[in-house]
Amino acid sequence: MKIKLPIYLDNSATTKIDPRVLAKMLPYLTDDFGNPASRSHSFGWTAEAAVENARQQVADTVGCDSKEIIWTSGATESINLALKGAAEFYQEKGKHLITVKTEHKATLDTMRELERIGFEVTYLSPETNGLIDIAKFAAAIRPDTIIASVMFVNNEIGVIQDISAIGQLCREKGIIFHVDAAQAIGKVDFSLSDLNVDLMSFSAHKAYGPKGIGALYVRRKPRVRLLPLIHGGGHERGFRSGTLPAHQIVGMGEAFAIAKAEMALELPKLKYLQNKLLTGLQAIPEIYVNGDLEHRVPQNLNVSFNFVEGESLMMAIKDIAVSSGSACTSASLEPSYVLRAIGRNDELAHSSIRFSIGRFNTEEEIDYTIKLLQEKVAKLRELSPLWEMFQDGIDVENFQWDSHDTQRDVILH
Amino acid sequence: MSYSNKVIDHYENPRNVGALDKNDPHVGTGMVGAPSCGDVMKLQIKVGDNGVIEDAKFKTYGCGSAIASSSLVTEWLKGKSLDEAKTIKNSQIADELELPPVKIHCSVLAEDAIKAAIADYQAKHGK
C-alpha cells in the first residue's frame with residue numbers, strides 16, 4: 001500500500017472529521033437550516049429535534065441524563081464556565097481551589113484569572129509518572145476548598161488520572177469536582193453514573209467531530225449551581241446564551257455515538273499500533289518514555305530522544321506530523337511545562353516528540369514512522385557533540401558549560 | 001520556522017562532520033554553547049606548519065541554523081591563515097545563510113567557536 005505523506009500522528013491536537021459524522025451534519029447547513037429556538041414553524045422544530053437527539057447521544061456516551069448536558073463552543077469554554085461559574089456561585093463557602101500543574105492551559109489560565117480576582121489556588125505536582133498521589137491531593141484540601149479540577153487524560157503524555165478515587169474524596173469533603181475530559185472520549189471507558197464528578201468538559205474535535213463545539217456536564221443530583229459567563233437569549237436554561245449551531249451539535253452527537261459504539265473494537269487496534277511504535281523506538285538507545293505506560297491511553301506515546309535537539313529533529317522528520325515539547329516549535333518559547341512538572345530536564349523536554357495515533361492511522365504508517373525515527377536520530381547523533389561525549393563516558397548533564405554563552409542564549413532565544 | 005534553501009542544504013548535507021584528534025599539537029578544539037540553551041558547537045581546526053588551516057571538522061547539537069552555521073564555517077576556514085580566520089564575523093555567516101532574526105545567535109555561536117578553536121591551538125603553542 002502506498003503511504004501518503006506527511007503522515008498525521010497529531011490526533012491529540014485535533015482529529016479528521018469522520019465521514020459518517022460529516023454526512024449527518026450537512027443537511028443542517030442546507031435544507032434543515034432552522035434555528036432550534038424558533039418555536040413557531042417546522043424549520044425550528046426540525047433543528048430542535050436534531051439538537052435534542054444529539055444531546056441524548058452525548059448523554060448516553062458519558063452516562064448521564066441529557067438534561068445535564070449544556071452545549072458550548074468547545075472544551076476551553078466549558079472549563080471556563082465550570083470553574084468561573086462555580087467559583088463565583090460558591091465563593092461565600094470558601095476561596096480555595098485545587099488543580100494540577102500538568103493541566104491544560106485552559107484550566108491553568110482560568111485558575112490564574114480566579115487568583116487575580118481573589119481566589120487562592122493550589123497547583124499540585126504530579127509524580128514523575130505524571131499521576132497524582134491521592135494522599136498528596138487529600139493533604140492539599142483545606143476547610144475552605146470549594147472546587148477541584150483534574151483532567152481525565154493528559155493531552156501531552158496521555159496518562160489517565162484516577163478520577164474515581166479523587167471524586168470520592170471530593171464528595172466526602174463537599175468539594176465541587178470538575179474534570180476536563182477533552183482527551184478522554186473514545187479513549188477511556190467510563191460512565192458518569194459510576195463517578196462522583198460534578199462538572200465535566202467535552203470537546204467534539206478530539207473525537208472525530210467538528211471544531212467549534214463542546215459541552216459541559218452539570219450534575220443535577222446533587223445539584224451543582226453555576227453563574228453563566230455568556231448572557232443573552234437564555235438558551236441552554238440560561239447557562240449559555242447564543243444561537244445553537246445545530247449542524248455542529250449534530251456532528252458532536254454522532255461523533256460521540258460512534259466513539260461509544262466502536263471503542264471496544266478500536267482500542268485494541270490502537271493499542272497494537274502503540275506497542276509496535278514503542279517497540280520500534282526502543283531499538284534506539286537513550287530514549288525516555290514520558291509518563292506512565294500502564295495508566296495511559298493507547299492513542300498516545302511521548303518520547304524524548306536524548307542528545308538530539310528538538311527543532312532539528314522536527315526538521316528531520318517532517319514526513320510525519322507530530323507535536324514536540326521543544327520551545328522552538330511552540331508559540332510560548334518555553335519547553336513543555338508538563339514535562340518539566342514531571343521532572344524532565346530542559347534537554348529531554350526539548351527533545352520530546354508526542355505521537356498521537358488515531359482512528360485513520362495504518363500499520364504501514366507506523367512502520368514508516370519507526371524507520372524514519374531510527375534513521376534520523378542516528379544521523380543527528382552522528383552530528384551531536386553531546387552524543388560523542390556520552391559515548392566517551394562524560395557526564396553531559398553535570399559538565400561545566402560556559403555560563404557566558406548560557407546567559408546570552410537565554411536572552412536571544 | 002521558514003529557512004532559506006542554503007540552511008536546508010547545509011542541514012541535509014552537512015559538510016565536514018566529524019572529529020580530529022584533540023591531543024594532536026596541530027589541532028585546535030573549540031566547544032561553545034550549552035545543552036540547556038539548545039545549542040552546543042564543537043569546532044576543530046588542523047593547522048599546518050605554514051600556519052594555514054588544512055582541515056576543519058564540526059559536530060553540533062542544535063537547531064537547523066546552528067548546524068548550517070557550523071557546517072558553513074568549516075568550508076570557509078579551510079585554506080585560511082589563522083589571522084584571516086579571525087576576521088570571520090557572525091554577520092557574514094548570517095548574511096550568507098539568510099538567517100531569520102531569531103536565529104542570529106547561531107551565527108554568533110559559530111564565530112565564538114572559531115575564536116575558541118584558534119585560542120586552543122595557540123595555547124598549545126605557547127602564544
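The values are calculated or read from the model by the stated rules, or taken from the named source; none is laboratory data. All figures in this text were calculated on a predicted structure; none of them were measured in a lab. A quick note on method: Cβ atoms are made from the backbone with ideal geometry, for glycine too, and the neighbour counts reach across all protein chains shown. Areas reflect the complete protein model, heavy atoms only, side chains present, ligands, DNA and RNA absent. Shrake-Rupley method; radii C 1.70, N 1.55, O 1.52, S 1.80 Å.
Taking every residue in the range A:129-142 that is farther than 14 Å from A:C170 by Cβ and pairing it with any residue that is surrounded by fewer than 14 Cβ atoms within 10 Å (Cβ to Cβ), at least 6 positions away or on another chain, the pairs with Cβ-Cβ distances below 8 Å are A:D133/A:E127.
Would you confirm, using the coordinates I've provided, whether A:T122 is crowded, with 18+ Cβ neighbours inside 10 Å and not basic (K, R)? So A:T122 does not fit the description; no. For the range A:135-174, the set of residues classified as under 13 Å from A:T122 (Cβ atoms) and crowded, with 24+ Cβ neighbours inside 10 Å consists of A:I147, A:A148, A:S149, A:V150, listed by residue number.
Mind listing just one residue for me: the one in the range B:21-44 that is part of a loop (DSSP other than H, G, I, E, B) and either without any contact (Cβ under 8 Å) to a residue 12 or more places away in the chain or open to solvent by 30 Å² or more (accessible area, probe 1.4 Å) (or both) and, of those, nearest to the other protein chains (Cβ to nearest Cβ)? Even if it seems obvious, please write down each step before you answer.
Initially, the range B:21-44 is screened for residues part of a loop (DSSP other than H, G, I, E, B), giving B:21-26, B:38.
Add one more test, that the residue is either without any contact (Cβ under 8 Å) to a residue 12 or more places away in the chain or open to solvent by 30 Å² or more (accessible area, probe 1.4 Å) (or both), and what stays is B:21-26.
Numbers: B:D21: 13, B:K22: 11, B:N23: 13, B:D24: 16, B:P25: 21, B:H26: 20 Å.
Ranking the candidates gives B:K22 first.
Close Cβ contacts (under 8 Å, 6 or more residues apart or on different chains) running from residues in the range A:11-26 that are under 11 Å from A:H205 (Cα atoms) and open to solvent by 70 Å² or more (accessible area, probe 1.4 Å) to residues that are assigned to a loop (DSSP other than H, G, I, E, B) and of a type in the set (A, V, I, L, M, F, W, C) comprise A:K16/A:F360. Just one of the numbered conditions (1) within 13 Å of the chain's Cα centre (by Cα); (2) within 14 Å of another protein chain (Cβ to nearest Cβ); (3) not aromatic (F, W, Y) is not true of B:K103: (1). Picking from residues in the range B:2-20 that are out of contact with any strand residue (DSSP E or B) (no Cβ under 6 Å at 6 or more places or on another chain), more than 7 Å from every other protein chain (Cβ to nearest Cβ) and of a type in the set (A, V, I, L, M, F, W, C), the one that is least open to solvent (accessible area, probe 1.4 Å) is B:V7.
Taking the condition of being away from chain B (no Cβ under 14 Å), open to solvent by less than 40 Å² (accessible area, probe 1.4 Å) and more than 18 Å from A:T128 (Cα to Cα), how many residues in the range A:268-318 meet it?
From the range A:268-318, those away from chain B (no Cβ under 14 Å) are A:268-285, A:287-303; that's our starting set.
Now restrict to residues that are open to solvent by less than 40 Å² (accessible area, probe 1.4 Å): A:270, A:273-274, A:277-278, A:280-281, A:284, A:287, A:289-292, A:296-303.
So of that shortlist, the ones also more than 18 Å from A:T128 (Cα to Cα) come out as A:270, A:273-274, A:277-278, A:280-281, A:284, A:298-299.
The qualifying residues number 10.
Any chance the range A:356-379 includes a residue that's within 13 Å of another protein chain (Cβ to nearest Cβ), open to solvent by less than 20 Å² (accessible area, probe 1.4 Å), part of a helix (DSSP H, G or I) and touching a strand residue (DSSP E or B) at 6+ places or on another chain (Cβ under 8 Å)? Yes, because at least one residue in the range A:356-379 is within 13 Å of another protein chain (Cβ to nearest Cβ), open to solvent by less than 20 Å² (accessible area, probe 1.4 Å), part of a helix (DSSP H, G or I) and touching a strand residue (DSSP E or B) at 6+ places or on another chain (Cβ under 8 Å).
Spot the failing condition for B:A85; the list is (1) within 13 Å of chain A (Cβ to nearest Cβ); (2) crowded, with 18+ Cβ neighbours inside 10 Å; (3) of a type in the set (A, V, I, L, M, F, W, C), and only one is missed. Here B:A85 meets the rest and fails (1). Here B:N50 passes the criteria (1) within 14 Å of chain A (Cβ to nearest Cβ); (2) in a loop (DSSP other than H, G, I, E, B); (3) at pLDDT below 95 except the one numbered (1).
Given the options A:K67, A:K2, A:K95, A:K24, name the one that is more than 25 Å from A:P298 (Cβ to Cβ) and either modelled with pLDDT under 95 or aromatic (F, W, Y) (or both). Break it down stepwise before answering.
On the way: A:K67 fails: either modelled with pLDDT under 95 or aromatic (F, W, Y) (or both); A:K95 fails: either modelled with pLDDT under 95 or aromatic (F, W, Y) (or both); A:K24 fails: either modelled with pLDDT under 95 or aromatic (F, W, Y) (or both).
Just a single option satisfies the conditions, and that option is A:K2.
Right, A:I147: among the β-branched types (V, I, T), touching a strand residue (DSSP E or B) at 6+ places or on another chain (Cβ under 8 Å) and farther than 30 Å from A:S304 by Cα or not? Spelling it out, A:I147 is indeed among the β-branched types (V, I, T), touching a strand residue (DSSP E or B) at 6+ places or on another chain (Cβ under 8 Å) and farther than 30 Å from A:S304 by Cα.
Hey, any hits in the range B:68-89 for a residue that's touching a residue at least 12 places away in the same chain (Cβ under 8 Å), hydrophobic (A, V, I, L, M, F, W, C), over 17 Å from B:N16 (Cβ atoms) and in contact with a Lys or Arg (Cβ under 9 Å, 6 or more places away or on another chain)? Looking through the range B:68-89, none of the residues is touching a residue at least 12 places away in the same chain (Cβ under 8 Å), hydrophobic (A, V, I, L, M, F, W, C), over 17 Å from B:N16 (Cβ atoms) and in contact with a Lys or Arg (Cβ under 9 Å, 6 or more places away or on another chain). The residue that is farthest from the other protein chains (Cβ to nearest Cβ), counting only those in the range B:55-67 that are in contact (Cβ under 8 Å) with a residue 40 or more places away in the chain and more than 19 Å from A:S351 (Cβ to Cβ), is B:A56. Being over 30 Å from A:S191 (Cβ atoms) and free of Cβ contacts under 8 Å to residues at least 60 places away in the same chain, is that true of even one residue in the range A:45-63? Yes, the conditions are met somewhere in the range A:45-63. Scanning the range A:197-238 for residues that are more than 16 Å from A:S66 (Cα to Cα) and among the charged types (D, E, K, R), we see that the one that is farthest from the chain's Cα centre (by Cα) is A:R225.
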